[in-house]
Structures are given as C-alpha cells and as structure tokens.
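Heads up: the structure comes next, in structure tokens.
Every read-out reported here was derived from the displayed coordinates using simple, explicitly stated rules and does not represent laboratory data. Predicted model only: the values in this text are computed from it and were never measured. Quick reminder, even Gly has a Cβ in these numbers, built from the backbone with ideal geometry, and neighbours come from all protein chains shown.
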Amino acid sequence: MKQLCLSGQVVVCLAVLLILTHVSIAFGAEVLVVKSKDFALYDKALAGFRSVYKGSISTLRMKGPLSDPDRLAGAVRREKPKVILAVGLRAAKALKAEISDIPIVFCMAMHPAQNKLKSGNTSGVDLEPKARDQLQAFKRVVPGLKRVGIIYNPKRTGRFVNSAKRAAAGAGLTLIAKPVAERKDVLGALHAITASAQALWLIRDATVLTREFFNHTLIVQFEKKIPLLVYSEQFVRKGAVCSFAATYPSQGRKAAEIVRAVLAGTKIGDIPIQAPEGTLTVNVNSVQKAGLEIPASVMNNPKVKKIK
C-alpha cells in the first residue's frame, strides 16, 4: 500500500513538474508579440520577422479583456519578455502608454512620427519607405517630373508632408500640397491641384482616401494625363501608374533586425525609426493610357515589378 502511495506521489510530482516546465517555456520567451488584432497582413509581417529572428516567441492578441491597455500591460508583465514586438498601431500606442521599462519594437504602425510612437523605450519600423526614396522612384517612371500634387489632412499626415517637402526640394521637385480638414473639401482640392501638378501623389491619409476620391483620381489620370503615384501595389492593380512600397514581410524583417540589436545590448532609445525597403511596381497599361513612355531603365530592370 505504501509503495502504491509512493508511486502515486511520484506521478503527481511528475505532473506538477511538467506543468511548471510548460509555464517556464510559456513565460520565458525572449520576445512577446502583441498583435492589435488577427489580420492576414500582420501575419505576413510576422512571417518576415520569424525568417530573421530565430529565438523564442510568445503571442498575445488585443481582444476581450486584453483590449483594455491596463489589463494588456499586466498580461505582458506576467510574460516577462526581454523585448515586446507590437504589431499594428493600436498595440503600439497602448503599450507605449502603459510600459516604460521594457523595450518595445513596433511594426505595421502607420505614421509613427505623427502618432508620437518614438520614446526612450520604443522604436520600430515605419509603414512606408522614406519620402525621398518614393519620390526618386516616381521620377524614374515619369521623365521630366517637376511638380507633384498632394492632398492631406495636417492632423493626420502633416509631419510626413513636411518631410516630403524637404525631400522634394532635395530631389529637384516642387511639392504642391493642399491641406484639407474634412472629406467634403477633398474633391475641390483635387480640382485646384490639377491646374499645375504634373502628377498626383496619393498618401495614406484617412481623410483623403475614399473609393470616390480614388475613382476621381483615375479619371484625372486618363483624361488629363496626370499620372497617379500611390503608396500601395493594390492601387496599381486598380489602375494607378506606379507605387513605391514596402512588402509586409520586409517590415517584419526590419523589426527583427531591431530586436536582435536590442537583445545584443543596443539601447532602444538610441535606435531611430527605421524605413523598410521599397519595391517599384508599374502598371504598364496605365502608363500608356496616361500618355507616358516607360523608360528603358525601368522596363528592363528585373527589380521593377510590372503589372498589365
């Protein structure tokens, strides 16, 4: 009977040991991923992250009770990560507001400068390539480009447009920027800007970007021969002339480089916000309909993605 009890105690001890081991693994990951929500594009970014970072990872999602920033912060602290990867703007803002003693690396977060995501314990990856790189890419597609029109809401994208103005000047371009405060002003701004702009640059601005607005810009592109330069390949597939955009896996890879640097001892406060690499995508049919001729340097470049 004693032997049976002893055996039972051994079994219980083993079970407890297994549970503790499991908890240790779950709470011992170096990197804790916090996703704003379940989203296929976030998963693409995470695939890029995992292709570079090979260490231990655990994951939390902002849903249910964890939608509350305070509860989310408590759950994060229980995990005891060395670095937090915030995927999406919502997660980045919530974690920055609640946690100041654990390094936070963000990605898939739009306009990080405008949203004030950078701090002493946070840095990360911009959603877009640098304005300078976008403009240089557009110049390759539109020979002789001098004047680029852009419509924006200063509250949403003012900082980006200011940096774009400086980049345009450095690239020998003039940025004709029309600020708007409400959606009702957007089409009027579009009409005004087409009087002098040689091209229209569509940026990621929620006040400006609607299906109606995009359809109007396509009409302008084909009727007035003013090419549409955009921030996403999806708009090129819908008819815009070209985009210079980062892939989602590339943003994850860039975030992984920051995480590895932090784990190696670099202070995250010393790491500036990083820009992802961009890919130039051109809609060959739209180029022709917009009255442009694709330069051979673009047409024959294997790194340029061409869509028909």
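Before moving on, here are some points about what is shown:
- Region 201-227, subset more than 21 Å from the chain's Cα centre (by Cα) and touching a residue at least 40 places away in the same chain (Cβ under 8 Å), residue farthest from Val141 (Cα to Cα): Phe222
- All helices (runs of 4 or more DSSP H) inside region 35-143 with 3 or more residues being surrounded by fewer than 16 Cβ atoms within 10 Å (Cβ to Cβ): 40-52, 69-79
- For region 213-252, filtering for residues that are crowded, with 23+ Cβ neighbours inside 10 Å and basic (Lys, Arg) leaves 0.
- Selection of region 264-301 for residues being touching a residue at least 60 places away in the same chain (Cβ under 8 Å), acidic (Asp, Glu) and farther than 21 Å from Lys225 by Cβ yields only Glu277.
- Residues of region 102-111 that turn out to be touching a Phe, Trp or Tyr at 6+ places or on another chain (Cβ under 7 Å) and farther than 11 Å from Ala91 by Cα, as a count: 1
- For Ala261, the conditions (1) buried (at least 16 other Cβ atoms within 10 Å of the Cβ); (2) touching a residue at least 12 places away in the same chain (Cβ under 8 Å); (3) under 30 Å from Ile99 (Cβ atoms) all hold with the exception of (2).
- Residues of region 290-305 that turn out to be farther than 18 Å from Gly144 by Cα and either surrounded by 18 or more Cβ atoms within 10 Å (Cβ to Cβ) or out of contact with any strand residue (DSSP E or B) (no Cβ under 7 Å at 6 or more places or on another chain) (or both), as a count: 5
- Qualifying residue in region 247-266 (condition: in a helix (DSSP H, G or I) and more than 30 Å from Val105 (Cα to Cα)): no
- Search result, residues across region 167-200 that are out of contact with any helix residue (DSSP H, G or I) (no Cβ under 7 Å at 6 or more places or on another chain), part of a helix (DSSP H, G or I) and either of a type in the set (Val, Ile, Thr) or in contact (Cβ under 8 Å) with a residue 12 or more places away in the chain (or both): Arg183, Ala189, Ala192, Ile193
- The residues listed here are Lys165, Lys130; of these, the one that is more than 17 Å from the chain's Cα centre (by Cα) and at negative phi is Lys165.
- Filter result for Arg253 (out of contact with any helix residue (DSSP H, G or I) (no Cβ under 7 Å at 6 or more places or on another chain) and basic (Lys, Arg)): no
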